[in-house]
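The values are calculated or read from the model by the stated rules, or taken from the named source; none is laboratory data. Bear in mind that the values here come from a model prediction, so they are computed numbers and not experimental data. Here Cβ is always computed from backbone atoms with ideal geometry, including for glycine, and neighbour counts include all displayed protein chains. Accessible surface is based on the protein model in full, side chains and every heavy atom, while ligands, DNA and RNA are left aside. Shrake-Rupley method; radii C 1.70, N 1.55, O 1.52, S 1.80 Å.
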Amino acid sequence: MKRVFFNNRWLPWLLLAPQLIITAIFFLWPAAQAVWQSFLREDAFGLNTTFVGLANYKQLLNSSEYHNSFWVTFVFTTSVTVFTMAFALLMAIAVDRLIKSEKVYTTLLVWPYAIAPAVAGILWWFIFNPSIGILTYVLAQVGIRFNYVSDPTDAMILVVLASSWSRISYSFLFFLAGLQSVPGSLREAAAIDGAGPVKRFFTITLPLLSPTTFFLMVVNLVYAMFETFAVIDSTTYGGPAQSTNILVYKVYQDGFVGQNLGSSAAQSVILMAIVIVLTVIQFRYVEKKVAY
Amino acid sequence: MAQITIENLGKVYPGGTRAVEDINIDIADGEFIVLVGPSGCGKSTLLRMVAGLESITEGTCSIGGRVVNDIEPAERDIAMVFQNYALYPHMTVRQNLAYGLKNRRTPKAEIDRRVAEAAEILQIGSFLDRKPRALSGGQRQRVAMGRAIVREPAAFLFDEPLSNLDAKLRITMRLEIKELQRRLGTTSIYVTHDQLEAMTLADRLVVLNKGRVEQIGTPLEVYRNPASAFVASFIGSPAMNLIAARAVPHLPGTGHAGLIGIRPESLIPSADGQIEMTIDAVEELGATRLVHGHVGGEALTVTMPADADLPETLRLKVDPQDIHLFQAESGARLARA
């Protein structure tokens, strides 16, 4: 690391100032506001504010609705992460085996990434729409009734699909790059060592991909947890019966629709804590555990 | 232990590019064969065809009397040492050695015994629990060898295994490979572009050029009686002097243009020498020196003792026995009278 010494003790501060000011105004201040607000209770018109201490948190932890949202978030995040990564890996393996037109397939597979989550949401909303959806129609032909408006499982499937779809591209690119950096001679050595294609994949290729896999896992978890608001908001609005009401969406609903700003702030603080934990895990383990 | 027979072997890639053509080699049990040639001559392709990493499009390859054309690499009972070693980076040295045995469901006790034995032979016992990235180039090379010998295969295949090592280590490892092969008596095919490595390791050399065999023979046979101008210029360092000759009298079949080949050490300085060479440059090698010069328009290189006098022009003579003659167009050797 290169060390620089300044003669003027204020100069370094001055040089850092733009970044520090931006961080303070756009990150630290709102975060502090949220923490402060989580200790308050306000009436619906914002005329009266009372300090209630930890009451908002207590209420949340005792609320079965909030527990449900946690569970929904867990199911949703895990499904999105697993589905996205499994499908992306499958695609990457398929493209890696191609001899010709590899670039064309790669380009085509990356397209969905350019589509905004809200648009992706609406796209799948149309495809699975109970009255006009094309896939709903096809499913109905084979005797499956798919209705995300009334069926909680169907609603979950819809939001998982809509959220995963555009993210598959991102994971696919990383997996493909990872696969292509595995030296061919390692696979050949393993082939001579008597490992068949499946065994080769699980004992050589997959372990060598572990840094990529871990990175993608954290990135996709964070995505599914915090950046899927638009998908939910453009499809199910958290319903039916709270079945797709993930934590991030609940913050919005309770705060801006339900006008319960104190509870909404408390939920934000809890989410903040989760982000911090995820970040720590990533930095702690991404280099230690998975490197070989 | 096995003999390897390669018959009319050829390889044409889809698209029509030809890599090797009409190769015939009979390798005896326990023999050390070196495939040598310039880059792009098809030596690695040939080795990979024996290993089963490249498909065989013409001819047959048999290992231990069994045609292996359509047999998977794993079933051919061979072990290969790769140029970049191809050690599994996420496994310890021990796991690297055991991997092939585990895949073949060898009992645990037997695996332990063989790994210990290989570690003993190659002196890698002290870092069995390290990962490959924690090893030096020479140590990785040993582990790669170890992975081949634990399998106790019918044949070893080496694909330029020493080319990633520095010059000094290369010479040490060269000797170790030779000794190891002697001791184990395993049939081996070794690919290299380094003619010195080829000469020192081989029981028999196979010199390849443009996908074809130029000559097969013991290192001394190949050195003394090169079958073509290509072999003459490729084997031996410094390279043989090749001089264009319009016509060579007293010899059969030389009514047309030919090439005269003389090894640099066959040109002997002598007061009554017929050849008068003007010296252009001198390279000191310590024990000997290489003298570069010209006679008429032809460049010549002469090997001389380091303490010999260096006049401006050297008078040289050559024993007629040491003159090689080649056809100009085909490069084929012409019989001496």
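Farthest toward the dipole's positive end in the range A:1-122, which of A:Ala88, A:Trp13, A:Tyr66, given Cβ charges of +1 (Lys, Arg) and -1 (Asp, Glu) about the Cα centre?
About the Cα centre, the residue reaching furthest to the positive side is A:Trp13.
Restricting to bridges with both residues inside the protein assembly as shown, how much of the DSSP beta-bridge set is antiparallel, in percent to the nearest 5? Can you show the working numbers first?
Values: 53 of 71 bridges.
Counting DSSP beta bridges with both partners in the protein assembly as shown, the antiparallel share is about 75 percent.
Through the Karplus equation 6.51 cos²θ - 1.76 cosθ + 1.60, θ set to phi - 60°, convert the phi angles of the range A:263-272 into ³J(HN,Hα) values in whole Hz; use x for Gly and Pro.
Using θ = phi - 60°, the values come out as 5, 4, 5, 4, 5, 4, 4, 4, 4, 4 Hz.
How large is the Kirkwood hydrodynamic radius of the protein assembly as shown, in angstrom, based on all distinct alpha carbon pairs?
Values: mean 1/r = 0.0319 Å⁻¹.
Hydrodynamic radius (Kirkwood, Cα only) of the protein assembly as shown equals 31.4 Å.
Over the range B:77-164, what is the relative contact order in whole percent, taking alpha-carbon pairs under 8 Å and six or more residues apart?
Value for the range B:77-164: 57 percent.
Give the dimensionless ratio obtained when the Cα radius of gyration of the range B:83-205 is divided by 2.2 N^0.38 Å.
Details: Rg = 14.2 Å, N = 123, 2.2 N^0.38 = 13.7 Å.
That ratio works out to 1.04.
Can you tell me the dipole magnitude for the range B:4-229 around its Cα centre, using point charges on the Cβ only (Lys, Arg +1; Asp, Glu -1), in Debye to the nearest 20?
880
Count the lysine pairs in the range B:4-229 whose Cα atoms sit under 25 Å apart, keeping only pairs 8 or more residues apart in sequence or on different chains.
Lysine pairs meeting both conditions in the range B:4-229 amount to 9.
Which of the residues in the range A:162-202 show a loss of at least 50 Å² in accessible area from their chain by itself to the complete set of protein chains, at a probe of 1.4 Å?
SASA drop of 50 Å² or more in the range A:162-202: A:Ser185, A:Leu186, A:Glu188, A:Ile192, A:Asp193.
Would you be so kind as to identify which of B:Leu220, B:His324, A:Ile276 lies farthest towards the positive end of the dipole of the protein assembly as shown, taking Lys and Arg as +1 and Asp and Glu as -1 on Cβ and the Cα centre as origin?
A:Ile276
Give the accessible area for B:Lys102 in Å² (nearest 10); use a 1.4 Å probe, count only protein heavy atoms, and leave out ligands, DNA and RNA.
Counting only protein heavy atoms, the figure is 130 Å².
Given H placed 1.01 Å from N in the peptide plane, which residues other than close sequence neighbours of B:Glu54 have an amide H under 5 Å from its amide H?
Hits under the 5 Å cutoff: B:Met49.
For labels at A:Thr107 and A:Ala32 in the simple 7 Å Cα→Cβ model, what's the distance in nm?
5.1
Evaluate the distance, in nm, between pseudo-label points positioned 7 Å from the Cα of A:Phe87 and of B:Asn84 along their respective Cα→Cβ axes.
Label-label distance for A:Phe87 and B:Asn84, simple model: 3.3 nm.
If B:His90, B:His294 are ordered by their accessible area, calculated over protein heavy atoms with a 1.4 Å probe, which sequence runs from highest to lowest?
Largest accessible area first, the list is B:His294, B:His90.
Looking at the P(r) of the range B:60-143, how many percent of alpha-carbon pairs lie beyond 22 Å?
Result for the distance tail: 34 percent.
Explain nothing, just the number: dipole magnitude of the range A:33-288 about its Cα centre with +1 on each Lys and Arg Cβ and -1 on each Asp and Glu Cβ, in debye rounded to the nearest 20.
Details: 13 positive and 13 negative charges, 119 e Å.
My answer is approximately 580 debye.
Over both sides of the B-A contact, add up the buried accessible area with a 1.4 Å probe and give it to the nearest 100 Å².
1700
How do A:Phe74, B:Phe82 stack up against each other in accessible area, from largest to smallest, with a 1.4 angstrom probe?
Highest to lowest solvent-accessible surface, that is A:Phe74, B:Phe82.
Can you give the mean number of other chain Cβ atoms that lie within 10 Å of the Cβ atoms in peptide B:47-54? Mind dumping the intermediate values first?
On the way: counts 0, 1, 0, 0, 3, 3, 7, 0.
If you average over the peptide's residues, the count of other-chain Cβ atoms is 2.
In whole Hz, what ³J(HN,Hα) sequence does the range A:109-116 give by Karplus (6.51, -1.76, 1.60; θ = phi - 60°), x for Gly and Pro?
6, 8, 3, x, 5, 7, 8, 5
Given the Cα-Cα distance of B:Ile268 and B:Asn24 and 0.36 nm per residue of separation, how much length would full extension add, in nm?
84.0 nm
Rg/Rh for the range B:238-327: what does it come to with C-alpha atoms and Rh from Kirkwood? List each step's numbers first, then the result.
Numbers: Rg = 13.6 Å, Rh = 13.7 Å.
Rounded to two decimals, Rg over Rh is 0.99.
Does the range B:169-300 classify as rounded, prolate or oblate by the C-alpha gyration tensor (a ≥ b ≥ c root eigenvalues; a/c under 1.5 gives rounded; else a/b over b/c gives prolate, otherwise oblate)?
oblate
Let me know the charge dipole size of the protein assembly as shown about its Cα centre in debye, to the nearest 20, where only the beta-carbon of Lys, Arg (+1) and Asp, Glu (-1) is charged.
Its charge dipole is roughly 1660 debye.
If I build a Gaussian network model for chain A, linking alpha-carbon pairs within less than 10 angstrom, which residue out of A:Arg167, A:Arg200, A:Arg41 has the largest mean-square fluctuation?
Comparing A:Arg167, A:Arg200, A:Arg41 in a Gaussian network model of chain A, the most mobile one is A:Arg200.
Let me have the relative contact order for chain A, percent, based on Cα pairs under 8 Å that are six or more residues apart.
On the way: 333 pairs, mean separation 78.1, N = 292.
Here the relative contact order equals 27 percent.
With a probe of 1.4 Å, find how much accessible area the range A:33-288 has per residue, and write the answer as a whole number in Å².
52
Could you sort B:Leu175, A:Leu271 by accessible area so the largest value comes first, with the probe set to 1.4 Å?
Details: B:Leu175 110, A:Leu271 20 Å².
These residues rank, largest area first, as B:Leu175, A:Leu271.
Quick one: which residues, 5 or more positions from B:Arg289 or on another chain, have an amide H under 5 Å from its amide H? H modelled 1.01 Å from N in the peptide plane, none for Pro or chain starts.
B:Met304, B:Ala306
Of the peptides A:20-27, B:113-120, B:210-217, A:252-259, how do they stack up when ordered by the mean number of other Cβ atoms within 10 Å, highest first?
B:210-217, B:113-120, A:252-259, A:20-27
Relative contact order for chain B using alpha-carbon pairs under 8 Å, separation at least 6, rounded to a whole percent?
17
Which residue, A:Pro207, A:Pro112, A:Pro183, has the most motion in a Gaussian network model of chain A that connects Cα atoms within less than 10 Å?
Looking only at A:Pro207, A:Pro112, A:Pro183, the biggest GNM fluctuation is shown by A:Pro183.
Have a look at A:Val251, B:Phe127, B:Gly146 and report the one farthest towards the positive end of the charge dipole of the protein assembly as shown, computed about the Cα centre with Cβ charges (Lys/Arg +1, Asp/Glu -1).
Farthest along the dipole direction, towards plus: A:Val251.
At B:Arg212 and A:Ile134, where each label point lies 7 Å from the Cα along Cα→Cβ, what is the point-to-point distance in nanometres?
Distance between label points: 6.0 nm.
Return the Rg/Rh value of chain B, two decimal places, where both radii are evaluated on C-alpha atoms and Rh is the Kirkwood radius.
Value, to two decimals: 1.05.
When the accessible area of each residue in the range B:102-147 is compared between its chain alone and the complete protein assembly (1.4 Å probe; ligands, DNA and RNA ignored), which residues differ by at least 10 Å², being lower in the assembly?
In the range B:102-147, residues shielded by partner chains: B:Asn103, B:Arg104, B:Lys131, B:Arg133, B:Arg147.
Using a Förster distance of 60 angstrom, determine the FRET efficiency expected from the C-beta separation of B:Ala306 and B:Glu117, and round it to 0.05. Show your work: numbers first, answer last.
Values: r = 46 Å, r/R0 = 0.77.
With R0 = 60 Å, the Cβ-Cβ based efficiency is 0.80.
Take the solvent-accessible surface of the protein heavy atoms, probe 1.4 Å, and return the percent of it on chain B that carbon and sulfur atoms account for. Can you show the working numbers first?
Values: 7840 of 15580 Å².
Ligands and nucleic acids excluded, carbon and sulfur reach 50 percent.
Return one whole number: the accessible area per residue of chain B in Å², for a 1.4 Å probe.
46
May I ask for the net charge around B:Leu175, where only other residues with Cβ less than 14 Å from the Cβ of B:Leu175 are counted and Lys, Arg are +1 while Asp, Glu are -1? Kindly include the intermediate steps, with their values, before the conclusion.
Working: positive: B:Arg142, B:Lys168, B:Arg170, B:Arg174, B:Lys178, B:Arg182, B:Arg183; negative: B:Glu176, B:Glu179, B:Glu197.
Result for the neighbourhood of B:Leu175: +4.
Under a GNM of chain A (C-alpha, springs under 10 Å), which listed residue has the highest mean-square fluctuation: A:Pro152, A:Pro197, A:Pro130?
Judging by the Gaussian network model, the answer is A:Pro197.
How many partner chain Cβ atoms sit within 10 Å of a residue's Cβ in peptide B:86-92, on average, as a whole number?
Taking the mean over all residues of the peptide, I get 6.
For every helix of n ≥ 4 consecutive DSSP H residues, a contribution of -39,500 (n - 2.57) applies; sum these over chain B, divide by its total residues, and give [θ] at 222 nm rounded to the nearest 500 deg cm²/dmol.
-7500 deg cm²/dmol, from helical runs alone.
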